[in-house]
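The values are calculated or read from the model by the stated rules, or taken from the named source; none is laboratory data. Here the structure is a predicted model, which is why all the values come from computation and not from measurement. Here the Cβ positions follow ideal geometry from the backbone for every residue, glycine too, while neighbour counts run over all protein chains shown. Heavy atoms of the whole protein, side chains included, go into the accessibility calculation; ligands, DNA and RNA do not. Shrake-Rupley method; radii C 1.70, N 1.55, O 1.52, S 1.80 Å.
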Amino acid sequence: MSMIEDLIEKLCPYGVEFVEMSRLFEMRNGYTPSKSDASLWADGTIPWFRMEDLRASGGVLDDAQQHIPMSAVKGGRLFPSDSILIATSATIGEHALVTVPHLSNQRFTSLAVAPEYSKRLNMKFAYYYAFTLDEWCRKNTTTSSFASVDMAGFRRFRFPVPPIEVQLEIVRILDTFTELEAEL
């Protein structure tokens with residue numbers, strides 16, 4: 001038996017809990033400040049993520065290619081650090097874990113862990129499981145002027161929440177594989 005199987009048998013003998021995304025995460029859509037107002041793009045310090053950032057820098061991000069000033073932030077509320085950005089329109093089925101407070105364009109939905117799950121969900125585990133969510137998104141799109149994810153179904157998508165010890169072991173194993181792959 002593997003260490004993960006041992007942990008699951010010991011810590012959750014009746015199975016792993018699955019929680020709907022709408023309960024597990026606080027979800028917000030990104031937006032683009034007006035390009036016609038140059039002041040919203042000058043002297044910015046807040047990372048503003050686009051798909052180009054994921055393609056250039058990978059899946060765990062701590063900075064963006066573009067920055068905006070606080071005056072460009074609607075309601076003064078940033079997406080929190082350790083949030084998942086997932087593409088839910090146009091280029092669907094890509095995601096990143098962002099480790100700093102930030103904003104993104106409207107092609108992304110931000111997933112910040114809900115307060116009641118903050119001690120029960122490791123965001124690096126969520127990042128790895130989001131590859132499964134990416135696949136679901138690609139299979140559940142609607143099309144008007146451009147493709148977008150069925151957001152009602154997205155909110156109902158069920159996410160596993162095994163005990164934190166299981167999550168940490170899964171993260172350790174996947175981080176090791178990721179490091180070995182990078183070396184190749």
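If you check residue 16 against the conditions, is it of a type in the set (Val, Ile, Thr), modelled with pLDDT under 90 and closer than 25 Å to residue 112 by Cα?
Working: of a type in the set (Val, Ile, Thr): yes; modelled with pLDDT under 90: yes; closer than 25 Å to residue 112 by Cα: yes.
So residue 16 fits the description; yes.
Can you give me the number of residues within region 66-82 that are open to solvent by 10 Å² or more (accessible area, probe 1.4 Å), out of contact with any helix residue (DSSP H, G or I) (no Cβ under 6 Å at 6 or more places or on another chain) and closer than 25 Å to residue 128 by Cα?
Counting residues in region 66-82 that are open to solvent by 10 Å² or more (accessible area, probe 1.4 Å), out of contact with any helix residue (DSSP H, G or I) (no Cβ under 6 Å at 6 or more places or on another chain) and closer than 25 Å to residue 128 by Cα gives 3.
Kindly list, by first and then second residue, each pair from a residue in region 148-160 that is of a type outside the set (Gly, Ala, Ser) to a residue that is assigned to a strand (DSSP E or B) and open to solvent by 10 Å² or more (accessible area, probe 1.4 Å), limited to pairs with Cβ atoms under 6 Å and residues at least 6 apart or on different chains.
Within 6 Å, the pairs are 149/141; 150/142; 156/20; 158/18; 158/20; 160/18.
Return the residues of region 139-159 that are surrounded by 13 or more Cβ atoms within 10 Å (Cβ to Cβ) and either out of contact with any strand residue (DSSP E or B) (no Cβ under 9 Å at 6 or more places or on another chain) or under 23 Å from residue 46 (Cβ atoms) (or both); say none if nothing qualifies.
153, the sole residue that qualifies.
Condition check ((1) closer than 25 Å to residue 156 by Cα; (2) touching a Cys at 6+ places or on another chain (Cβ under 6 Å); (3) of a type in the set (Ser, Thr, Tyr)) across all residues:
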| residue | (1), (2), (3) |
| --- | --- |
| 54 | no, no, no |
| 76 | no, no, no |
| 86 | yes, no, no |
| 91 | yes, no, yes |
| 110 | yes, no, yes |
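Restrict the check to region 27-39 and report whether at least one residue is open to solvent by 50 Å² or more (accessible area, probe 1.4 Å) and hydrophobic (A, V, I, L, M, F, W, C).
Within region 27-39, one or more residues are open to solvent by 50 Å² or more (accessible area, probe 1.4 Å) and hydrophobic (A, V, I, L, M, F, W, C).
So, in region 47-65, of the ones that are acidic (Asp, Glu) and surrounded by fewer than 17 Cβ atoms within 10 Å (Cβ to Cβ), which residue ends up nearest to the chain's Cα centre (by Cα)?
Among those residues, the one meeting the criterion is 62.
Tell me, which residue of region 160-184 that is among the aliphatic types (A, V, I, L, M) and loosely packed, with under 12 Cβ neighbours inside 10 Å is nearest to residue 94 (Cα to Cα)?
From region 160-184, those among the aliphatic types (A, V, I, L, M) are 161, 164, 166, 168, 170-171, 173-174, 180, 182, 184; that's our starting set.
This time we only want the ones that are loosely packed, with under 12 Cβ neighbours inside 10 Å, so: 180, 182, 184.
Numbers: 180: 22, 182: 19, 184: 23 Å.
So the residue we want is 182.
Scan region 91-107 residue by residue and report those that are closer than 14 Å to residue 49 by Cβ and either hydroxyl-bearing (Ser, Thr, Tyr) or in a loop (DSSP other than H, G, I, E, B) (or both).
Residues of region 91-107 that are closer than 14 Å to residue 49 by Cβ, as a first pass: 91, 94-107.
Listed by number, the residues that qualify are 91, 94, 99, 100, 101, 104, 105, 106, 107.
Could you go through region 87-109 and let me know if any residue there is at pLDDT 90 or above and over 28 Å from residue 32 (Cα atoms).
Checked against the condition, which is being at pLDDT 90 or above and over 28 Å from residue 32 (Cα atoms), region 87-109 yields no hits at all.
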